Amino acid sequence: IIWIIDLIAVILVNGDEFSASTLIKQATTMTFPYWINWYLKIQVIAYILFYIAYKLFKKNSDIVLVVLTIISVGVMYILGLDVYWWNTIMCFGFGSVLAERKDLVLKKIKSANKYILLAASLVAFVVLFILGINHCKITTISSIAFCVFVTLLVFAFKFKSKIINFIGNISLEIYLWHLVLLKLLFKDNKNIMNLNINLLLFFVLAIGLAY
């Protein structure tokens, strides 16, 4: 459904840049719209790996998923796929390990100095992110470092907020909607006033559609 909406959006915004035959061909082969094609496919790949790991392996399925994800990253790199195909997919495996071993992770965090852990993970992310600007392979590690920081932050400090819980419950849907909204609302924004209005409109629409 999201893909169809994105397809309509790209035709409305950039339809004049493509011939009718090109639009039909790319739409039927699901290689269009170009700006969302990759991340829909990468989600499909991630859940295929998830199915294999948890269906075929009864023990340590999360570790198997991590191994399969590492292999998939290697394959994507060898095939020459652009960095955005594989630089954050490892976070999927990390999330699986975290979900399976939540109690152990919580125990480790409680037994350590949470402030030192938070500071170390934040510094690691910032350093790796900067290094990753010129060395794309490092972005895979920096994305995991960011996940570690956010995880430690959430586990170390129990945030009690209905707003945060609400956003968390629809975060995937917001993620699925955000690209098409960005493309539609920010095609040409030289006027600061229009930019601010569109930014507000973006958040309202993203949350509303996700909900």
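The values are calculated or read from the model by the stated rules, or taken from the named source; none is laboratory data. Keep in mind that what you see is a predicted model, and the values were worked out from it rather than measured. Positions of Cβ are generated from backbone atoms using ideal geometry, with glycine treated the same way; all protein chains shown enter the neighbour counts. Ligands, DNA and RNA are excluded from the accessible area calculation, which covers all protein heavy atoms including side chains. Shrake-Rupley method; radii C 1.70, N 1.55, O 1.52, S 1.80 Å.
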Open item on the list: Taking the conditions exactly as written (part of a helix (DSSP H, G or I) and either at positive phi or within 22 Å of the chain's Cα centre (by Cα) (or both)), does Val126 satisfy them or not?
Closed with: yes
TODO: Test each condition in (1) in a helix (DSSP H, G or I); (2) more than 24 Å from Ile42 (Cβ to Cβ) for Lys160 and report the one that comes out false.
DONE: (1)
TODO: Out of Ala145, Ala210, Ala156, report the one residue that is of a type outside the set (S, T, N, Q), modelled with pLDDT of 85 or more and open to solvent by less than 40 Å² (accessible area, probe 1.4 Å).
DONE: Ala145
Task: Extreme residue, surrounded by the fewest Cβ atoms within 10 Å (Cβ to Cβ), among residues of the stretch 80-108 that are within 19 Å of Phe50 (Cβ to Cβ) and more than 13 Å from the chain's Cα centre (by Cα) - done: Ala99
Task: Counted residues, the stretch 123-140 - those being under 23 Å from Ala99 (Cβ atoms) and modelled with pLDDT of 85 or more - done: 2
Task: Evaluation of Leu181 against (1) of a type in the set (A, V, I, L, M, F, W, C); (2) surrounded by 15 or more Cβ atoms within 10 Å (Cβ to Cβ); (3) under 22 Å from the mean Cα position of the chain (by Cα); (4) within 30 Å of Tyr77 (Cβ to Cβ) (one fails), failing number - done: (4)
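Please determine, by comparing only the residues of the stretch 186-204 that are at pLDDT below 75 and not in a loop (DSSP other than H, G, I, E, B), which one is least open to solvent (accessible area, probe 1.4 Å). I'd like the intermediate steps shown before the answer.
Going through the stretch 186-204, the residues at pLDDT below 75 turn out to be 186-196.
Checking which are not in a loop (DSSP other than H, G, I, E, B) leaves us with 192-196.
Values: Ile192: 113, Met193: 122, Asn194: 77, Leu195: 59, Asn196: 86 Å².
Checked the stretch 186-204; the qualifying residue least open to solvent (accessible area, probe 1.4 Å) is Leu195.
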